[in-house]
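A.B. asks: Supplied in structure tokens, the structure appears directly below.
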Amino acid sequence: MAGNWKMNNNHLEAIALVQKLAFVFKDADYEAVDIAVLPPFTDIRSVQTLIDADRLRIAYGAQDLSAHEKGAYTGEISGVMLAKLGCSYVVVGHSERREYHAEDEPLVNAKVKAAFAVRLTPIVCIGEGLEIRQADEHVAHTLAQLDGALEKIPADQARTLVIAYEPVWAIGTGRTATPEMAREAHETIKALHDTRVLYGGSVKPENAAELMAQPAIDGALVGGASLEPESFAVVCRAALR
Ligand code: PGA
């Protein structure tokens, strides 16, 4: 269960939120569920310091990385830098990156490779927009995105990544895919890829249980609800099964 904070929380707010999570989560939660937070870059050092000092069983990662290792790429953050900060995960190809930063399949693929090069686990986001869903082309679209993202990734690496199926029309909109819609996508993906598949798109305390009841849904990539500790805990506990 991963909390994608997006562009929310400065480093002081990040510390406060992780402290609250540490208070809310119990040993039984950590034993049953892998919990991760994905703060903005500027928060990661603070989050690392707190998690290390208190030996919290919360993993953390970033929301993006550069496809390049280092050099003249103003404003970019490399996987090497993230690995050095103890990150375990990095989101790659989130629909907001695809839409607002023109990330296409070759770039997503290069970022997946860059993540693996430094032993970060990529959380590769795929999912269709509303028009594609309405044209009933969502399965082909989603699988094509995945093929592009994973091109020339060796099978032993591909098995270790995390896939997040996030129908774009459900992200931040309050519209969630029905468990049946999510099941179709997840089963299709899992038939081809033996890896963890998270669902994302307006997952919240009210709908987490019915989504997580689907055997093909291994967890969730949670945006809005991950900013509120109690909500995130309820969502995480929906995965206890
Ligand atoms: P949301 O975001 O839960 O706010 O819809 C999910 C995501 O974009 O990862």
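Taken together, the values in this text are just the output of simple stated rules run on the coordinates, not laboratory data. Owing to the predicted nature of the structure, the values given are computational and were not obtained by experimental measurement. Reconstructed Cβ throughout: ideal geometry from the backbone, glycine too, with neighbour counts over all protein chains shown.
A.B. asks: Once the convex hull of the alpha carbons of the range 159-241 is built, what does its volume come to per residue, in cubic angstrom?
C.D. replies: 86 Å³
A.B. asks: Would you calculate the separation in nanometres between label points at LEU192 and VAL80, each defined as 7 Å from the Cα along the Cα-to-beta-carbon direction?
C.D. replies: So the two model labels end up 3.4 nm from each other.
A.B. asks: Springs between alpha-carbon pairs under 10 angstrom, Gaussian network model over the chain: which of HIS101, HIS186, HIS11 fluctuates most?
C.D. replies: Comparing HIS101, HIS186, HIS11 in the GNM, the peak value goes to HIS101.
A.B. asks: Select from THR176, THR121, THR188 the residue whose mean-square fluctuation is largest in a Gaussian network model of the chain (Cα-Cα springs shorter than 10 Å).
C.D. replies: With Cα springs under 10 Å in the chain, the top fluctuation among THR176, THR121, THR188 is at THR188.
A.B. asks: For the pair TYR73 and ASP147, how long in nm is the line joining their label points, each one 7 Å along Cα→Cβ?
C.D. replies: Result: 2.7 nm between the two label points.
A.B. asks: What lysines sit close enough to LYS84 to cross-link, taking a C-alpha to C-alpha distance under 22 Å and skipping anything fewer than 8 places away on the same chain?
C.D. replies: Within the straight-line cut-off, LYS84 pairs with LYS6, LYS70, LYS111, LYS113.
A.B. asks: Additional query: Please go through the range 32-99 and write out the GluC sites (Glu not before Pro) that DSSP classes as loop and that have at most 14 other C-beta atoms within 10 Å.
C.D. replies: Passing sites in the range 32-99 are GLU69, GLU76.
A.B. asks: Report, in whole Å, the centroid distance computed from the Cα atoms of the range 47-89 and the range 93-146.
C.D. replies: Rounded to whole Å, the Cα centres lie 20 Å apart.
A.B. asks: I'd like the per residue volume of the convex hull spanned by the Cα atoms of the range 72-207, given in cubic angstrom. Write out the running numbers ahead of the final one.
C.D. replies: Values: hull volume 16.9 nm³, N = 136.
Spread over its residues, the Cα hull of the range 72-207 gives 124 Å³ apiece.
A.B. asks: Within the range 144-241, list the GluC sites (Glu not before Pro) lying in a DSSP loop whose Cβ has at most 16 other Cβ atoms in a 10 Å radius.
C.D. replies: Working: sites: GLU151, GLU180, GLU184, GLU187, GLU206, GLU210, GLU230; in loops: GLU151.
Loop-located and lightly packed - GLU151.
A.B. asks: Once the Cβ-Cβ distance between ASP156 and GLN134 is put in as r, and R0 is 30 Å, what FRET efficiency do you end up with, to the nearest 0.05?
C.D. replies: The calculated FRET efficiency here is 0.20.
A.B. asks: Another one. Sketch the reach of a paramagnetic label on ASP104 as a point 7 Å from Cα along Cα-to-Cβ, and name the residues of the range 142-164 whose backbone nitrogen lies under 19 Å away.
C.D. replies: Correct set: 142-152.
A.B. asks: Still on this model: What number does the range 1-155 give for Rg over Rh if you use C-alpha atoms and the Kirkwood radius?
C.D. replies: Expressed as Rg/Rh, it is 1.00.
A.B. asks: Next up: For ARG55 and LEU12 in one chain, what is 0.36 nm times their gap in residues minus the Cα-Cα distance, to one decimal in nm? Before the final figure, lay out the partial values.
C.D. replies: Numbers: separation 43, 0.36 × 43 = 15.48 nm, distance 1.91 nm.
Gain on extension, ARG55 to LEU12, equals 13.6 nm.
A.B. asks: Sequence neighbours fewer than 8 away in the same chain don't count; with that in mind, list the aspartates and glutamates whose C-alpha is under 19 Å from LYS20.
C.D. replies: ASP29, GLU31, ASP34, ASP43, ASP52, ASP54, GLU228, GLU230
A.B. asks: Below 12 angstrom from the Cβ of VAL118, what's the summed charge of the other residues (Lys, Arg +1; Asp, Glu -1)?
C.D. replies: For residues surrounding VAL118, the net value is +4.
A.B. asks: What percent do you get for the relative contact order of the range 127-204 when only Cα pairs under 8 Å and 6+ apart count?
C.D. replies: It comes to 37 percent, rounded to a whole number.
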